Amino acid sequence: MPKLNKKEKIIISVSVSVAAVALVFVFLAVFGVLKSRNNYFLFKRVDNGYVVTGFVGDKKDLFIPSSYKGQNVVGIADSAFFDSKLRDVQSITLPSTLEFIGENSFRDLWSLKSIHIPSSVISIGARAFMNCVSLDSVSFGDDYLLQSISPNAFFNTDIVNNPNMELLVNNILIIDGVAITGFNLSGLSFTIPKQIVVLGADVFYSNQKLSANISVQQDSLLRYISDFAFSNMFYVNSIDLSNANQLVQVGKSAFERNSDLQNLVFPSSLKKVGDFACAYCVDLFSLNFNYAVVDFGKNVFDYCQTVTNISVAGNCTNFEQAFGTAAPLLRNINLKITTGTLSLDMAEAFGNKTTNLTLDLSASVQPFALKYFSILSSLVIPANAVNDIDPSIVINSNSAGNNRLFSLTIFGDPSSESESISIRGYNVFKNVEKLRLNNIDIIEDYSFANIYNLKYVWFDGNYDHSLANDLDFVGIGSFINTSWLNSLKTDEDMVVLANTLLFLQQFSDDQIVIPDGIEIIDIDSIYLNRNSTIYLPNSLIFVGAQAISNNTNKFDVELVFVLSDDGFSHIQDIGDFAFFNANVKNISTLRKNGNDFIAMHDSLILDSIVNVGQSIFDLDNFVNANDEFIIFGSTVLLGANLKKDTFVVPNGIRVVADFAFVNQNNSIKFLIIPNSVVVVGDSAFVGFNNLAKLDIGTNVSNIGESAFCITDLTQIVVRVYQVLDFSVIFESGGLLRNEVFVPADLCQIYQSVYNVKFIGF
């Protein structure tokens, strides 16, 4: 490099000086200053004016101008006054043109005592006045536009100790119903004031001083929880919003990353929950949507690895997307559905992630919903929902669903006068081993029949069935073919549950007196090993099918129907084959007088009987069959020794029982069924091989299957038929068709088609 002479050095020096001055002017032109030698503001040009970027000087009272170079001053830049040299500033006046205050903008101004926020300000950035320890007054202009104050904007200030802060309620800044920010919130519990309508974005974000429970004041007006309102709080254990009964929406990430949050309760008014609302709440155990009808966003419960109890209700949707790809294995789910149904959407969301399920239903179960719970091991449902769980529509019998369902609990409503249960079928519950019934008054017929694996039954916590004091009624067949009942049979001579005799085994006594109060003798329940007289109490209403069906040694049995003091019986129904295999040789009635029995009459007439099943007695063994028939109430039970050409069913009879005259080897050619008869049972007159003429009364409305099978019937006398269903009642003889419908106006046609005469038109 050549050496410069003196003149050249002077020229270069001057050039450099000029350039330096030019750079200063460029700096001032770009960033701007107020022309004051020692105290001036720095500015930066933005689209709609200028923002203040700093201050140079030693003044203690600062007045930020409303304009610079003819343009509005619209903002305070991030960290503009965050400067240790400005810690003596005591007051700052903000212009009415200001629209925003940036992050950390006035941070650490230790001597700042008050600040007025103009109406024009829309937002205040995070930590804007943080550590302004002398700041005890913040005021806001009228008709303000303020929409948000970011987290920790006023952290570690003295505002909360100023009694004149009218906009502070429970240390929350509330402006026109909007909770803008919380000041120095701390302690083991905190209540959100009722006048808050909107919890603003980030309102409690990253608060590290609340360490236990957050709740909402009663009569709350809260309607919206904005994005990130409760997120990143770390030490809060419980958030209970159940009092916020006007809350309709929760924003995205509203509770995200609350690492200590265990319980979260929502109100019934809730309609929508935003994306990631509860994501990364890694200790969240209990979720209660409190009968809400919720539309869930995406990944609402992502990485909530400890959730084990979820209570939801209503027609909640999008469960599958709510749990996202990182959903936990849900071990104990409580689904409360008070309106709508258990939907496939809910079932798919929880099914393969669930080992225990609680259903609380007032509505119904969508078809096949339960099949999605392939590893379901425990099911709890209320009594009022059981009738809606019909295996034929709920579960595919070929699916893997419910193969592990070992425990079933049914809760009745303790406030209800009568809670009844009836489970139709057992495909859903076939592997259940443990059954718990709570606050149940009535067990309907066949409720738990054929659940063979059922080994343990508790009634209101009592394993001893004799302590089931709340049970008022147990229907027939409720526990038939279960391991539980079979185990009781090995230990007890008599098993009684509420009003029902489930089992009775005779070992030594010649007579059996069934206790007063028994209303039902269950199906296949009485086992006889020797000659016996069985006393049936006056309280008896129903005798189940095959009630006495195991008298294999053919000992003689006498049935004694005990009537009331005035001679009346209460028995109404007798099931199919009730006494058929009991080798009954005699039937009698007695009137009970104290502890004594007084004989009533020889023939058996029990006026209370309404329904009688087929073949309730074995006619061949029945010694009282010398008469033409035996009548229970208005029902012909048995017929015998019909040695006439013409047989007339007695007037007053309403029902001819199933198989009442089956296999009668008789010579009856003309059968007359009077007007009083309403029902002719299945196979009632099978074996009337010589029957050629049938006269049916005007009131018969139901003729059972094969009622007149195997006859030479060629003539039917009818009078005023409307429509009669003769389904499979004439299988052979003169009528050779499976189904014959005989409306009155078609008798002439049928007469020619079936070669049978209809007389009386």
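A compact table of results
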| read-out | value |
| --- | --- |
| Residue check, Leu221 over 28 Å from the mean Cα position of the chain (by Cα) and either basic (Lys, Arg) or at pLDDT 90 or above (or both) | yes |
| Any hit, the stretch 240-257, residues being over 29 Å from the mean Cα position of the chain (by Cα), assigned to a loop (DSSP other than H, G, I, E, B) and not assigned by TED's automatic domain parsing to the domain that holds Gly177 | yes |
| Considering residues of the stretch 491-526 that are over 42 Å from the mean Cα position of the chain (by Cα) and of a type outside the set (S, T, N, Q) only, the residue nearest to Gly567 (Cα to Cα) | Val513 |
| The stretch 67-90 residues that are assigned to a helix (DSSP H, G or I), paired with ones that are surrounded by 20 or more Cβ atoms within 10 Å (Cβ to Cβ) (beta carbon under 8 Å, 6 or more apart) | Leu86/Phe55; Leu86/Leu109 |
| Qualifying positions in the stretch 456-475 - surrounded by fewer than 16 Cβ atoms within 10 Å (Cβ to Cβ), more than 19 Å from Glu417 (Cα to Cα) and not aromatic (Phe, Trp, Tyr) | Gly461, Asn462, Asp464, Ser466, Leu467 |
| The stretch 44-79 - residue that is in contact with a Leu (Cβ under 8 Å, 6 or more places away or on another chain) and of a type in the set (A, V, I, L, M, F, W, C) and, of those, farthest from Val121 (Cα to Cα) | Val56 |
| Some residue of the stretch 176-184 being buried (at least 23 other Cβ atoms within 10 Å of the Cβ) and more than 30 Å from Asp143 (Cβ to Cβ) | no |
| Matching residues, the stretch 115-137, being within 19 Å of Val51 (Cβ to Cβ) and in a loop (DSSP other than H, G, I, E, B) | Pro118, Ser119, Ser120, Val121, Ile122, Gly125, Ala126, Arg127, Ala128, Phe129 |
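The values are calculated or read from the model by the stated rules, or taken from the named source; none is laboratory data. Since this is a predicted model, take the numbers as computed values, not measurements. Neighbour counts are summed over all protein chains in view; Cβ atoms, including those assigned to glycine, are modelled from backbone coordinates with ideal geometry.
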